[in-house]
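The values are calculated or read from the model by the stated rules, or taken from the named source; none is laboratory data. No experiment lies behind these values; they were computed from the predicted model shown. Glycine also receives a Cβ, built like all others from the backbone with ideal geometry; neighbour counts cover every protein chain displayed. Note: accessible area is taken over every heavy atom of the protein model, side chains too, but ligands, DNA and RNA are not part of it. Shrake-Rupley method; radii C 1.70, N 1.55, O 1.52, S 1.80 Å.
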Amino acid sequence: MKPPLEVFAVAVLALAALGAGRAQDATGSIRGIVTDQDGATVSAASIQAKNVNTGTIYNTTSSSSGDYHFEGLPAGSYQVSFPTLGLGTPPQSVAVQAGQPSRLDIRVRDNSLNSLGEDRSFFASRAAPHATPKGPAPRTREGKPDLSGVWWAPRIVDREEASVLPWAAAVIKEWGANNAKDIPSARCLPSGVALMHYFGLNKLVQTPALLVSIGEMDVAASRQVFLDGRGHPKDMDPTWMGHSIGKWEGGTLVVDTIGFNGKSWIADTIPAACPYTEKLHLTTRFRRPDLGHLEMDVTFDDPGTFLKPWTMKTVSDLAQDEEVQEIICTENNQDTEHLVGK
């Protein structure tokens, strides 16, 4: 006697449920808590998990209590990082197994004193994602995307690992061992080389022949990108910020920067800090995909420091109703007396 149709239906449903359960069990999770170097929880922190095998990037944000979690991750090896300019931690490896949770607590390192004017929660809030207006990107009379606006600090969304030469590795190790006592910004020197690397607000003013960048929280914060077709000077006078020229490739502004003096750091934070030489060549690609966001991809090419070029991808949120303020670094500068190393 053949089973009734209802029995077949139940069997099919059971097999489907079993298959769905197995598919669900094929993924795992990562959970943890984010704290700063003093042990306080860090809220609104952007956390990134990168699958080592596929290169797929997953993003999440810590809660008000500092907790974060990634769910539904395919099994495999991951690099988990806190990709924020000015605050950071080295990428940490974690294995995700099917059907099992993984635990990874993140201790964030920074160079601030966590005092008045150096409050970590203030900096963290600026680096967190912000609400942005909706709509298409504005365009100039020439039909190009208009990059003009006041922008929050760039958030790193992807960053290749920089492979450095032995001399640079030794310098980085020394900086870390000395608690970054020679950090340039503490002595009112420029704190980075990217066109938008400042931990505060950044203002872009675009004309057909010139793009001007004004940073809020750094010295030498004004940058010029010449868009009038000129080349770099033949007799380059090396400077802290280099010389920048740009051209449009469709909707992307490609900026070429050379002429650095090699005296500052790639980024003014441990562990992201890295030296460089006068051979440094930056290629920066700006895109404004919509009204509220600005994408910036920076490729660092310095054969005197790196084994190969590497790229950092960032996104900035439009800072509505905000304006850049002046900074007088030497006024009441109390950093240097505390930077004693070890």
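Out of G229, G200, G259, G251, I need the residue that is more than 22 Å from F306 (Cβ to Cβ) and in contact with a Pro (Cβ under 7 Å, 6 or more places away or on another chain). Which one?
Selected residue: G251, the only one of G229, G200, G259, G251 that is more than 22 Å from F306 (Cβ to Cβ) and in contact with a Pro (Cβ under 7 Å, 6 or more places away or on another chain).
Number of residues in region 34-82 that are in a strand (DSSP E or B) and under 18 Å from R155 (Cα atoms) equals 15.
Filtering A20, A75, A14 for residues that are open to solvent by 50 Å² or more (accessible area, probe 1.4 Å) and either within 24 Å of the chain's Cα centre (by Cα) or at pLDDT 85 or above (or both) leaves a single hit, A75. Is it fair to say M241 is closer than 30 Å to P133 by Cβ, under 23 Å from the mean Cα position of the chain (by Cα) and part of a loop (DSSP other than H, G, I, E, B)? It is false that M241 is closer than 30 Å to P133 by Cβ, under 23 Å from the mean Cα position of the chain (by Cα) and part of a loop (DSSP other than H, G, I, E, B).
Scanning region 244-263 for residues that are surrounded by 21 or more Cβ atoms within 10 Å (Cβ to Cβ) and either among the aromatic types (F, W, Y) or at pLDDT below 95 (or both) yields one hit, F260.
The residues of region 151-168 that are in a loop (DSSP other than H, G, I, E, B) and closer than 15 Å to Y276 by Cβ, listed by number, are A162, S163, L165.
Taken over region 169-192, the criterion of being touching a residue at least 24 places away in the same chain (Cβ under 8 Å) and either assigned to a helix (DSSP H, G or I) or among the β-branched types (V, I, T) (or both) is satisfied by V171, I172, W175, G176, A177, I183, P184, S185, A186, R187.
Which of the residues that make up region 186-243 are of a type in the set (D, E) and open to solvent by less than 50 Å² (accessible area, probe 1.4 Å)?
E216, D218
Give region 286-341 a look and list any residue that's among the aromatic types (F, W, Y), more than 22 Å from G246 (Cα to Cα) and modelled with pLDDT under 95, or say none. Residues satisfying the conditions do not exist here. Among the residues of region 291-334, those identified as in a loop (DSSP other than H, G, I, E, B), among the small types (G, A, S) and under 25 Å from F82 (Cα atoms) are G292, A319.
Applying the criterion of being open to solvent by 30 Å² or more (accessible area, probe 1.4 Å) and under 20 Å from L280 (Cβ atoms) to the residues of region 176-185, the residue that is nearest to the chain's Cα centre (by Cα) is S185. In region 284-307, the residues that are open to solvent by 50 Å² or more (accessible area, probe 1.4 Å) form Cβ pairs under 6 Å with partners that are at pLDDT 95 or above and basic (K, R), at six or more places apart or across chains, as follows: E295/R287; P303/K279.
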